[in-house]
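J.: Here you go, one structure.
Bear in mind these aren't lab numbers, they're just calculated from the coordinates by the rules spelled out. Not measured: the values here are computed from a predicted model. Cβ: placed from backbone, ideal geometry, glycine included. Neighbour counts: every protein chain shown.
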Amino acid sequence: GSQLITASWDRTANIYDVERGEVLNILSGHEVELNHCSAHPNQKLVVTSSKDSTFRLWDFRETIQSVAVWDLRNMRSAISTIRLSSAANRLSVSRTHGAIAIPLDNRHVRIYDLAGNRLPRVPNRRCHSRMVSCAAWADDNPHCNLLTCGFDRGVAGWKVVLAKD
């Protein structure tokens with residue numbers, strides 16, 4: 001059946017059965033509020049992140065469920081760094097192209113490859129009048145493959161053309 005995951009300020013993430021409206025699992029263990037959660041589209045994997053700079057990978061593929069914890073405060077160095085002209089918000093990575101869409105406080109969205117190289121711009125057609133809060137790739141949609149939303153209460157759909165691998 002269909003499932004939904006939520007991240008909460010009570011330091012837990014809940015997995016719900018959408019049809020029955022029941023909580024199937026409560027993921028607990030973070031020390032402070034959660035600020036994000038995400039589920040893998042094909043595997044039984046969930047990532048939660050917290051305001052304490054940790055994230056957890058919850059693995060439900062085996063009967064022995066496991067949790068891996070990373071503390072970003074103790075990591076030594078980044079694999080790659082992208083310098084931005086404005087604060088970044090909830091980014092999204094395209095599974096098809098490996099492109100990163102980064103929504104910015106300055107009302108723009110920038111696109112980079114995984115090595116940190118800037119890719120073609122999203123058309124600047126005055127879509128968002130306030131900061132862009134998140135981006136999501138829709139790789140399987142040929143007409144609108146990037147969605148963004150902002151603090152202006154607007155959602156915009158974009159057709160971003162990326163080079164073939």
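J.: Which condition from (1) without any contact (Cβ under 8 Å) to a residue 60 or more places away in the chain; (2) outside any strand (DSSP E or B) is the one that His97 breaks?
T.: (1)
J.: Based on this model, can you work out whether Ile102 counts as surrounded by 18 or more Cβ atoms within 10 Å (Cβ to Cβ), touching a Pro at 6+ places or on another chain (Cβ under 9 Å) and either not in a loop (DSSP other than H, G, I, E, B) or not aliphatic (A, V, I, L, M) (or both)?
T.: no
J.: Within segment 136-147, which residues are within 20 Å of Leu114 (Cβ to Cβ) and in a strand (DSSP E or B)?
T.: Ala136, Trp137, Leu146
J.: Now for a different question. If you scan segment 1-22, which residues turn out to be loosely packed, with under 12 Cβ neighbours inside 10 Å and part of a strand (DSSP E or B)?
T.: The answer is Glu22, and nothing else.
J.: What are the residues in segment 106-150 that are under 16 Å from Arg83 (Cβ atoms), touching a strand residue (DSSP E or B) at 6+ places or on another chain (Cβ under 8 Å) and not hydrophobic (A, V, I, L, M, F, W, C), if any?
T.: Passing the criteria: His108, Arg110, Tyr112, Asp113, Arg118.
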